[in-house]
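First up is the structure itself, then whatever we jot down about it.
We did not get these values from a lab; they are worked out from the coordinates using the rules stated. Everything numeric here is computed off the predicted structure, so don't read it as measured data. Please note: Cβ atoms are built from the backbone with ideal geometry, for glycine as well, and neighbour counts cover all protein chains shown.
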Amino acid sequence: MDENPGVSEGYRVASPWPLFVALGIPIAEIGILFGLVPLAVGGLLLFCGSIAGILHENEYVASAWRGLAVLSVFVIVAGGGLWYADAATESDLLVRAYSMIGTGVLLLLAGVGGELFARDTEPTV
């Protein structure tokens, strides 16, 4: 009789990514809401990096770098939406739009650079 049926040593029990997602969302929201650029950029980097890690860990994407590059497109589009909304209304959204677009560009550069220069990131045994 096995004490832990269905549990194998080969499977990871817990993933570290949900903690970082849970931290990245409120940090990014606070930064975007109040126009605090370092918090907005840091929170979005943490959130998107964690989502890319989750996608790679569950084998939805072949490389976490590619997932990061795809997520960067969504962040750039959302920043462009804020830029458009700032032009259409008389609100103060331009700083928020620039922080999101800048973060998207950083994510895109990280994704492309990682895919080109960090291909062999898996440890060899």
Exercise for the section: Work out from phi, with θ = phi - 60° and the Karplus expression 6.51 cos²θ - 1.76 cosθ + 1.60, the ³J(HN,Hα) of each residue of the stretch 62-68, listed in order in whole Hz, and give x for Gly and Pro. Expected result: 6, 9, 5, 5, 5, x, 5
Practice task
Take V61, V75 and order them by how many other Cβ atoms sit within 10 Å, fewest up front.
Solution key: V61, V75
Handout entry: Pairwise label distance in nanometres, E59 with V105, each label 7 Å out on the Cα-Cβ vector
Key = 3.8 nm
Handout entry: Taking the C-alpha atoms of the stretch 17-117, convex hull volume expressed per residue in Å³
Key = 80 Å³
Exercise for the section: First measure r as the distance between the Cβ atoms of V37 and E90, then evaluate 1/(1 + (r/R0)^6) with R0 = 22 Å and state the FRET efficiency to the nearest 0.05. Expected result: 0.55
